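The values are calculated or read from the model by the stated rules, or taken from the named source; none is laboratory data. Here the structure is a predicted model, which means the values were calculated and not measured. All Cβ positions, glycine included, derive from the backbone under ideal geometry; neighbour counts span all protein chains shown. When the accessible area is computed, the model is the full protein with side chains, heavy atoms only, and any ligands, DNA or RNA have been set aside. Shrake-Rupley method; radii C 1.70, N 1.55, O 1.52, S 1.80 Å.
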Amino acid sequence: MFSGYMHDPKPLQGGSHNSDYNLQDGWNSAMWQFTYSYVMPEIYRLEQTAAELMPPFYAIAKILKVLAMQRVTDYYGPVIYTHFGAQGAEYVPDGQQEVYMHFFDDLDEAVEILSDYVAERPMAGEFAKFDLLLDGSYAAWLRFANSLRMRLAVRLASVAPEKARAEFRKAAADPYGVIEVNTNNAAVKTSGIYSNPLGAINRSWNEAVMNASMESVLTGFGDPRIAKFFEPCAEDLVIANDGGESVSVPLKGQYHGVRQGTAFSHNYYAAFSRLTVEPTTEVVLMSAAEVWFLRAEAALRGWTDEDAGTCYRAGVFISFAQWQVSGAEQYLESDASAAAYRDPIAPENDIAARCRVSPRWDESAAAEIGLERIITQKWIAMYPEGCEAWAEQRRTGYPRLFPVRFNHSKGQSIDTETMIRRLPFPATMATSDPEQYNALTGVLGGADHSGTRLWWDTGTNFRQTVRLPLLCAVVPADAAGQVIVDKPRGLQVGVTDRGPEEFESPFFHVFAHGIGLGRRYRDLAQRPEGVDDRFPVGKERQGVVVETAELFLQVEEQPGIRDRGFDFQPVFHDAVRVHQPFDIFVGHPGHPFGIEIAKGFAVSFALAEDRYPAQSGLGALQHEEFEQRPVVGHGFSPLFVVVFHIQRVGSAPAAASV
């Protein structure tokens, strides 16, 4: 449901449940309970016994452990991973950053074991008779491990870009390669041993129909895969209007989906488009199409020498082939757009299309548009694998799903436009196992509700390089603190030719990795009365010389703006002002954005002093890059930046907030 693929047509729980964020603990705790009751105990047993007796089985267990637990951590956040089964450390969880690093380590170990084993025994196939996922060869498991590494790496593209790039390139360089064709897809077979649970929900429970977001994108694009995903409505619908008269609603032969969060109390949506998934349908956990879209994003980010458009088109072609439909060439030339959603039962649920890209790749488009195209097509191609689709939608904001119409989240903890970010830990744990619950919530990084973002969920997609004009002033030590050089929409830098001990430290420090202020803090700086002594740029006055320069400032992370828009109000609009102190005030200093705010002359933070061009002197600033994130410090600094207003050069997608 949260992935935008499907929706329940029944008014369960009186019509208010997960759909409108009235979250049902019994449903949402199922993955946690089943994983720790059945999956992890078996993996633990294999880890204890197979390492010496059958190394390749041990390696496969490691890969499956990463596959299973990635889904769990992407649902909840912190998990019990490295300490599962450990005597005396049963309650020690791994935060999401830690567990992702352990995922990479476990894949390293698995790949090394399998590679060595295949090199010694190239024809070995002991696992083939047990293999329900791949073709039984160890080479296939190496391909899968490398493909899984790519998935994990791309998930960290915004939060840990250098680590993500390194891990992606490691996977791409492995001689066993990655999943590239549909015959190599990782799909659980259902031949009498395993039954597709979604097929049972769809056919036996009758609780799965098309989601409105799917309808909007697939019908708008004229996507031929729609007939492989969903069934057209079988019959027209007859309903009673407010006057008690029977009214026929034409549906037959059309595709219709249910919008999330409408809190309906009728059964009319049972006539909408059903899924084609059967209990005998194989469960695709990773496809070649997904891997091609991962490669497209990596190329877009400059991690590889591949062409993003070529990989994107390959992903679409492979997906069409997987679903056995034709017309990929024409589809990739289409400029069709998503369709507005029209609810034939309840027009009050109608909503304009949110998706803003077409299938055709545009080489000239901005990176953000390219990413939206990649993720939108990846979302279509991964259907019906909702776990991965939901995670990628949270990471990137794409595709642009419809928001809920009614938000019944507890305490309004979920923002309607930002949407649900995670699932809470099982509610019973708080009372039945409080030590475990407290340990998990202690490393979550926020409240245990579904509005709290996970570690990789940054709300941004690209690191920004900000190139802004500014004015620089060589400021004598005795003048520092009295002069503010200001240009609206710019950065102001003060430099001294004296040593750091002779220069006044910044009067105001921002203790954070980046500046994070929501729009409700837009007026945090208030202009004082009695500002005077203005003088023009380039003129000397009181020992201050104003010059012109440019600063290239590249930060490790984007500012953590709550609604993804730079919105700092300029304080003054004159080139240089000598002024009296003014107050900085904010409702909740330091929380939730991690900022400590104090009273002082200027909002500033010290830059790095441990690398070139951190030496004193104005010339050191010209045409240089500061690749460290802004440094936070208490001590003196020969270099400080006063931030009054930052102009957006590139931003996170509007989709990240819709």
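Any idea how far apart E278 and S37 come out in nm if each label point goes 7 Å out from Cα toward Cβ?
Calculated label separation equals 3.0 nm.
Just grab the label-to-label distance for I351 and Q324, each label 7 Å out from Cα along the Cβ direction, in nm (one decimal).
For I351 paired with Q324, the spin-label model returns 3.5 nm.
Which listed residue (S326, W303, Y341) has the Cα farthest towards the positive end of the charge dipole for segment 286-355, taking +1 on Lys and Arg C-beta and -1 on Asp and Glu C-beta about the Cα centre?
W303
Would you work out what percent of the accessible area of segment 292-373, with all protein chains in place, is carbon or sulfur (probe 1.4 Å)?
Carbon-and-sulfur percentage of accessible area, whole number: 49.
Does segment 186-266 classify as rounded, prolate or oblate by the C-alpha gyration tensor (a ≥ b ≥ c root eigenvalues; a/c under 1.5 gives rounded; else a/b over b/c gives prolate, otherwise oblate)?
Cα axes put segment 186-266 in the prolate bin.
Per residue, how large is the accessible surface of segment 392-455? Use a 1.4 angstrom probe and give square angstrom.
Value for segment 392-455: 40 Å² per residue.
Can you tell me the length gained on complete extension of the stretch D305 to F130, counting 0.36 nm per residue apart and subtracting the Cα distance?
Stretched fully, the D305-F130 segment lengthens by 59.2 nm.
Lys and Arg at +1, Asp and Glu at -1: add these up for the other residues within a Cβ distance under 13 Å of A430 and post the number.
So the surrounding residues net to -4.
Kindly flag which residue pairs out of K62/K189; K62/K228; K189/K410; K129/K170 have an alpha-carbon separation exceeding 32 Å in this structure.
Table pairs above 32 Å Cα-Cα are K62/K228; K189/K410.
Counting only heavy atoms of protein chains, what accessible area per residue, in Å², does segment 182-250 have with a probe of 1.4 Å?
46
Once you place label points 7 Å from the Cα toward the Cβ at A200 and A240, how far apart are they in nm?
Roughly 3.6 nm, to one decimal.
How would segment 138-277 be classified by its alpha-carbon gyration tensor: rounded, prolate or oblate, with rounded meaning a/c under 1.5 and the a/b versus b/c comparison settling the rest?
It comes out prolate by the Cα gyration axes.
Less than 11 Å Cβ to Cβ from A200, Lys/Arg counted +1 and Asp/Glu -1: what total charge do the surrounding residues give?
Neighbour charge sum, excluding A200 itself: -1.
Sort segment 95-172 into rounded, prolate or oblate with this rule: let a ≥ b ≥ c be the square roots of the eigenvalues of the Cα gyration tensor; rounded if a/c is under 1.5, and if a/c is not under 1.5, prolate when a/b is larger than b/c, oblate otherwise.
prolate
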